[in-house]
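FYI, it's all coordinate maths here, none of it is from the lab. Predicted, not measured: the structure shown is a model, and the values here were computed from it. Cβ sites come from the backbone with ideal geometry, for glycine too, and all protein chains shown count toward neighbours.
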Amino acid sequence: MHFVVCVKQVPDSSEVRVDPETNTLIREGVPSIINPYDAHAVEEAVRLKEKYGGKVTVISMGPPQAEEVIRKSIQFGADEGILLSDRKFAGSDTLATSYVLTQGIKKLAEREPFDLIFCGKQAIDGDTAQVGPGIAARLKIPQLTYVLNIEEINVEEKTIKLHRKLEGMREVISAKLPALLTVVQDLNELRYAPLPNMIRAARYRPQVWTTENIEVEDDKIGLNGSPTAVRKIFAPPEREGGEIIPGGQENPEETARKLVERLLKEEIIADK
Amino acid sequence: MSEKYDVIVVGAGPAGVTTAYLTAKAGLKTILFERGDHPGAKNVMGGVLYRKPTEDVIANFWKEAPLERHVIEQNLWILDKNSVVKAGYRTKAQDQEPYNAFTVFRSRFDRWFAQKAVEAGALLITETVVEDLIWDNHFVVGVKTGRPQGDVYGSVVVLAEGVNSMLTQKAGLQKDGLNTAQLAVAVKEVIALDKEKIESRFNLEEGQGATIELVGDATMGMMGTAFIYTNTDSLSVGVGALLSQVVRQKINPNELLEHLKNHPIVRPLLEGGETKEYLGHLIPEGGYNAIPKVYTNGVVVVGDAAQFVNGIHREGSNMAMISGKLAAETIIDAHKIGEFDERALSHYQKKLSNSFIIKDLKKYQNASGFFETNDHIFSLYPSLLNKAAEEFTTVDNVPKREKQRRIMELVTSERSKLEILRDIYRGWRVMG
């Protein structure tokens with residue numbers, strides 16, 4: 001089995017702030033990390049490799065320093081990493097990014113065909129959740145989003161059975177391989193990497209592929225290939241304190257009635 | 001694991017990185033462990049880095065390292081409740097290349113410095129704690145990390161683990177452990193402030209920096225010092241006091257820092273600033289008498305773990321780097337003859353003894369003990385000095401001879417002439 005995991009380097013959101021004047025993210029001096037969902041994707045791929053045998057390759061698009069996330073993936077147990085890095089990729093939106101990653105994966109597949117592609121459900125910087133499905137659509141393979149649990153892979157029949165996390169329920173579903181999965185964090189617990197992996201990662205230098213190495217059309221990459229325009233980024237308004245209806249201790253029935261009236265008025269609950 | 005290293009360095013602070021950088025550069029297979037997220041993540045210092053000792057390790061480092069301001073002015077402020085007596089030195093000589101000292105942030109500088117070691121060939125492993133030493137027949141032959149399959153073997157282990165020297169103790173080199181009279185606790189805030197404000201408040205031009213060390217009311221009279229250093233667009237403001245006194249007086253270090261920040265003389269310097277970071281750390285202040293044995297079979301100890309701090313002169317990272325360098329030289333020589341036993345590594349001790357490190361620490365060996373048991377020096381004299389200055393600067397038609405008499409009276413009412421003479425004599429003995 002060949003597992004391919006798409007990973008992204010993102011600013012550590014716990015330390016990112018929005019500039020109140022320009023409404024843009026202050027990225028300066030903010031440490032970069034592997035997108036947390038992607039880390040769980042790598043972990044899952046490595047677990048499947050340990051169970052079914054095979055190989056885990058991670059692939060990322062980003063500036064040269066994004067090789068850090070590849071090294072991080074090696075710590076988790078990935079075997080190989082490829083960094084798609086070229087100035088021409090800069091400014092790519094989700095459409096262009098999914099194109100570049102697809103072309104990278106196609107190139108990789110010439111050497112080693114893949115069985116399963118993993119993505120995090122979304123990246124914590126843009127939160128769009130579009131790149132994974134975009135790759136699946138371009139590769140014309142099944143996409144299985146919000147994967148919560150992988151029950152089993154049937155290696156002979158090339159099928160997978162898994163659980164998707166949906167609102168208020170989970171869906172158990174089977175699909176044919178090759179397929180693309182986007183995963184949620186509940187999927188697994190990240191391992192504490194063994195020392196040999198740490199040492200291998202510290203030494204590891206990923207392969208870097210540029211527009212020279214993969215087949216891309218200039219008008220589909222970078223700013224040229226990105227129709228998305230960001231009008232405004234803003235921090236969500238702080239939640240205001242809720243309203244408290246007093247008197248619950250003394251007269252619970254009357255207070256409950258008042259609460260229901262308010263909820264009806266706000267159309268939060270329906271009358272009948 | 002069958003892989004073996006020439007050098008295992010525990011701790012990527014200034015001492016450990018120096019050793020790793022130099023041994024890697026000499027072609028020795030070097031692995032460097034850091035428990036933090038990245039080198040510098042767990043390190044704290046006030047923020048003054050000296051050029052000369054750093055340049056002894058990396059020539060022209062100041063041209064590319066992440067530095068804040070070069071220091072052209074150093075001050076000593078002796079604080080009382082509402083007043084200060086100041087002394088300082090400002091020079092144009094330190095305003096030009098190659099400069100004398102810089103204000104820095106450890107977290108940025110150490111990261112850069114460690115990257116240099118990596119470029120020289122050292123293998124840097126972060127987020128990994130070294131928990132124990134591996135022994136073989138009275139010889140340390142490796143370390144145990146906290147990770148699965150975490151044993152690593154090497155010819156020599158360099159303990160650059162910092163002030164909390166667990167491994168040095170486990171190696172039997174620091175038999176009595178550490179005690180609170182040998183440790184200071186220091187807390188610091190990084191307070192963001194406009195560049196222009198810093199430059200006008202401290203009378204600086206672009207790039208220039210100033211330092212202020214404060215004693216007296218700055219530590220609420222405890223043995224210790226406080227400091228204010230200018231960074232590019234922030235101030236490092238901190239205070240350190242001997243742990244035993246902090247414990248005895250039941251003062252939280254944070255209260256000390258708040259007291260300093262709200263001191264009427266200090267407050268205007270910080271006005272309008274915003275606290276960005278809060279840091280705290282222990283400092284080994286035991287001096288010469290607290291130095292452990294710094295070598296044994298397969299082990300050398302460098303930096304804070306070896307107690308190489310000169311509290312009186314605000315020196316620590318320079319000693320860390322130079323001890324790291326002397327350790328590297330010893331290891332490189334030992335590697336040539338392939339011997340890492342006590343005898344081979346004892347050259348490190350000899351090099352230290354011939355260096356300013358041991359000479360300086362020896363010079364002040366009785367100082368901290370003296371100050372620890374005579375804490376009135378940090379409370380009484382600053383106050384008296386300020387009162388004398390008050391008398392001296394007030395023009396009120398009193399004849400000068402009368403003023404001198406009043407000052408003497410003031411002084412001797414607090415402490416007898418004999419006691420003062422004894423303080424001076426003893427102070428001179430431990431400092432001179």
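Over segment B:181-284, the Kirkwood radius and the radius of gyration, each from Cα atoms, give a ratio Rg/Rh of 0.99.
Of A:Met169, A:Met198, A:Met61, the residue with the greatest mean-square motion in the GNM of chain A, using alpha carbon springs below 10 Å, is A:Met169. Relative to the current alpha-carbon distance between B:Asn397 and B:Glu255, full extension at 0.36 nm per residue lengthens the span by 46.9 nm.
Pairs exceeding 22 Å between alpha-carbon atoms, taken from B:Lys63/B:Lys351; B:Lys81/B:Lys387; B:Lys276/B:Lys325: B:Lys63/B:Lys351; B:Lys276/B:Lys325. Each Lys or Arg adds one and each Asp or Glu takes one away; over the other residues whose Cβ falls under 11 Å from the Cβ of B:Asn297, this sums to -3.
Dividing the alpha-carbon radius of gyration of chain B by 2.2 N^0.38 Å (N being the number of residues), what value is obtained? Write down the numbers at each step before the final one.
Working: Rg = 23.2 Å, N = 432, 2.2 N^0.38 = 22.1 Å.
The reported ratio for this selection is 1.05.
Per residue, the convex hull spanned by the Cα atoms of segment A:194-243 amounts to 227 cubic angstrom. Here the spin labels are modelled as points 7 Å beyond Cα on the Cα-Cβ line, and at A:Ile268 and A:Glu151 they lie 3.8 nm apart.
State log₁₀ I(q)/I(0) for the protein assembly as shown at q = 0.07, 0.08, 0.09 Å⁻¹ as given by the Debye formula over alpha-carbon point scatterers of equal weight, solvent excluded. Listed by q, the Debye log ratios stand at -0.64, -0.80, -0.95. Sequentially through segment B:385-401, phi angles give Karplus couplings (6.51, -1.76, 1.60; θ = phi - 60°) of 4, 5, 5, 5, 5, 4, 4, 5, 8, 8, 9, 9, 6, 8, x, 4, 4 Hz, Gly and Pro residues having no value and appearing as x.
Run through segment B:270-334 and list the GluC sites (Glu not before Pro) located in a DSSP loop whose Cβ has at most 10 other Cβ atoms within 10 Å. Intermediate values should be presented prior to the final figure.
Details: sites: B:Glu271, B:Glu274, B:Glu277, B:Glu285, B:Glu315, B:Glu329; in loops: B:Glu271, B:Glu285.
When the GluC sites (Glu not before Pro) of segment B:270-334 are filtered for loop state and at most 10 Cβ neighbours within 10 Å, B:Glu271 remain.
The length gained by stretching the chain between B:Trp428 and B:Glu277 to full extension, at 0.36 nm per residue less their Cα-Cα distance, is 50.5 nm. Placing a pseudo-label 7 Å from each Cα along the Cα-to-Cβ vector at A:Val18 and B:Asn203 gives an inter-label distance of 4.6 nm.
Loop-located trypsin sites (Lys or Arg not before Pro) in segment A:206-235 (DSSP state other than H, G, I, E, B) with a sparse environment of at most 15 neighbouring Cβ atoms within 10 Å: A:Arg231, A:Lys232.
Legend: mean number of C-beta atoms from other chains within 10 angstrom of residue C-beta atoms, peptide A:105-111, equals 0. When the Cα atoms of chain A are aligned to their principal axes, the ranges along those axes come out at 73, 50, 39 Å in descending order.
If the chain linking A:Lys106 and A:Asn224 were pulled fully straight, counting 0.36 nm for each residue of separation and taking away their Cα-Cα distance, it would gain 40.3 nm. Modelled this way, with points 7 Å down the Cα-to-C-beta line, the labels at B:Leu418 and B:Trp135 are 5.4 nm from one another. Sparse packing (at most 11 other Cβ atoms within 10 Å of the Cβ) combined with a DSSP loop state is found for the following trypsin sites (Lys or Arg not before Pro) in segment A:135-201: A:Lys140.
In whole angstrom, how far apart do the alpha carbon centroids of segment B:129-155 and segment A:42-106 sit? Segment B:129-155 and segment A:42-106 have Cα centres separated by 34 Å. This model, with +1 at the C-beta of Lys and Arg and -1 at the C-beta of Asp and Glu, gives segment B:180-337 a dipole about its Cα centre of some 580 debye.
Label 7 Å along Cα→Cβ of B:Gln149; segment A:60-90 residues with amide nitrogen under 15 Å? Residues A:74-80 qualify, since their backbone N sits under 15 Å from the label point. In a solvent-free Debye calculation with one equal scatterer on each Cα, what is log10 I(q)/I(0) for segment B:181-220 at q = 0.15, 0.33 Å⁻¹, listed in the order of the q values? Values returned for q = 0.15, 0.33 Å⁻¹ are -0.56, -1.15.
In segment B:368-431, if the dipole is taken from +1 on Lys/Arg beta carbons and -1 on Asp/Glu beta carbons about the Cα centre, which of B:Leu385, B:Thr373, B:Ser416 is farthest to the positive end? Going by the charge dipole, the pick is B:Ser416. Choose one of A:Thr97, B:Leu193, A:Gly132: the residue whose Cα lies farthest towards the positive end of the charge dipole of the protein assembly as shown (beta-carbon charges +1 Lys, Arg; -1 Asp, Glu; about the Cα centre). Looking along the dipole axis, the top candidate is B:Leu193. Cut-off is 10 Å between beta-carbons; in what order do A:Thr211, B:Thr54, B:Thr412 appear when sorted fewest neighbours first? Taking fewest neighbouring Cβ atoms as first place, the list is B:Thr412, A:Thr211, B:Thr54.
Among B:Ile72, A:Leu195, B:Asn203, whose Cα sits farthest toward the positive end of the charge dipole of the protein assembly as shown (+1 at Cβ of Lys/Arg, -1 at Cβ of Asp/Glu, about the Cα centre)? It is B:Ile72. Here is the tail figure for segment B:368-431: Cα pairs spaced more than 20 Å apart come to 35 percent of all pairs.
Let me know the charge dipole size of chain B about its Cα centre in debye, to the nearest 20, where only the beta-carbon of Lys, Arg (+1) and Asp, Glu (-1) is charged. Could the numbers behind the result be given before it?
Numbers: 51 positive and 54 negative charges, 226 e Å.
Here the size comes out at about 1080 debye.
Partner lysines whose Cα lies under 26 Å from the Cα of A:Lys107, excluding those fewer than 8 positions away in the same chain, are identified as A:Lys8, A:Lys49, A:Lys55, A:Lys72, A:Lys88, A:Lys121, A:Lys140, A:Lys158, A:Lys176, A:Lys220.
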